[in-house]
1. Once R0 is set to 22 Å, what does the formula 1/(1 + (r/R0)^6) return for the Cβ-Cβ distance between S117 and R10, expressed as a FRET efficiency to the nearest 0.05?
2. Compute the length gained on full extension between K79 and D95: take 0.36 nm times their separation in residues and subtract their Cα-Cα distance, giving the result in nm to one decimal.
3. Too long at a 21 Å Cα-Cα cut-off: which of K92/K175; K70/K171; K9/K74?
4. What does the charge count near V186 come to, summing +1 for each Lys or Arg and -1 for each Asp or Glu among other residues with Cβ under 12 Å from its Cβ?
5. Based on the Cα atoms of region 85-131, what semi-axes does the equivalent ellipsoid have, where each is the square root of 5 times one gyration tensor eigenvalue, given in whole Å with the largest first?
6. For every other residue with a beta carbon closer than 14 angstrom to the beta carbon of F2, add +1 if it is Lys or Arg and -1 if Asp or Glu, then tell me the sum.
7. Please give the length that would be gained between T183 and R88 if that part of the chain were fully extended, namely 0.36 nm times their separation in residues minus their C-alpha to C-alpha distance (nm, one decimal).
8. Note down the net charge around V81, summing +1 for each Lys or Arg and -1 for each Asp or Glu among other residues with Cβ under 13 Å from its Cβ.
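The values are calculated or read from the model by the stated rules, or taken from the named source; none is laboratory data. Bear in mind that the values here come from a model prediction, so they are computed numbers and not experimental data. Counting neighbours? That spans all protein chains shown, and the Cβs are built from the backbone with ideal geometry, glycine included. Quick note on the areas: whole protein, heavy atoms, side chains included, nothing else; ligands and nucleic acids left out. Shrake-Rupley method; radii C 1.70, N 1.55, O 1.52, S 1.80 Å.
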Amino acid sequence: MFNESWPWKRDLAMTADRLEQARLGIVHELGDLEGSDDVYAQETETVYRIERNVMSGTFAVRRLVGMPSKVTKKTRATKAVVTRFPLRDGAKAPDLWDALGNLDMYDTDTPQDVTISVNALCNLFVHSLILRLAWEFDDIPSSDNSSPYESDLQRNETPTKLIGLLVASDKSSAKHLTFVKVTELVRIFRLFATDEVTRLVGQRDHRGRMHMTAL
């Protein structure tokens, strides 16, 4: 358990702000790198900062979910909407090396929008086998959610927007690849960051142990 939750919530709010800024602003940052002496290293740093924000934010949210006295019951019950791409029939689930290459073992023609718990969402990232940034390009319409978009800046042209992340845990990768919008992550991070506990209700279980619920 965190000793105090407010520093984590404070930094979670800043993490949400950084991701929101990156969603639209990162393409301008990448464009400014053109002609630089070390474009690859600077692009790597840019991608790393986003990955760091996502990983630290999802870890904090997952920990807060498990702390009934630090976050209200309503906020802990929050759900997330994501898109899943199933593993193709007969395809082998990716191993560590497959996860670094093309993700064509997943069927991107049959996307499925699903609602999952915030804890399940965070576990995808905390235990991720696959973690890619998903970009929007001029030649791929933003409404085309059937495609998991090019990732990690592996195209020649500059992307127009950072739209989300492609993620799969060591367990979920055997079933599907999940696309999570940046806007959905930002919404969840801000919800937990601004959550305020106004009342604690205690109840003992059959063993006499006290359980606290925040309201």
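1. According to the calculation, E is roughly 0.35.
2. Net length gain for the segment: 2.9 nm.
3. In this structure, K70/K171 exceed 21 Å between Cα atoms.
4. Taking every Cβ under 12 Å from that of V186, the sum is +2.
5. 20, 16, 8
6. +2
7. 31.4 nm
8. Counting the neighbours of V81, the net charge comes to +2.
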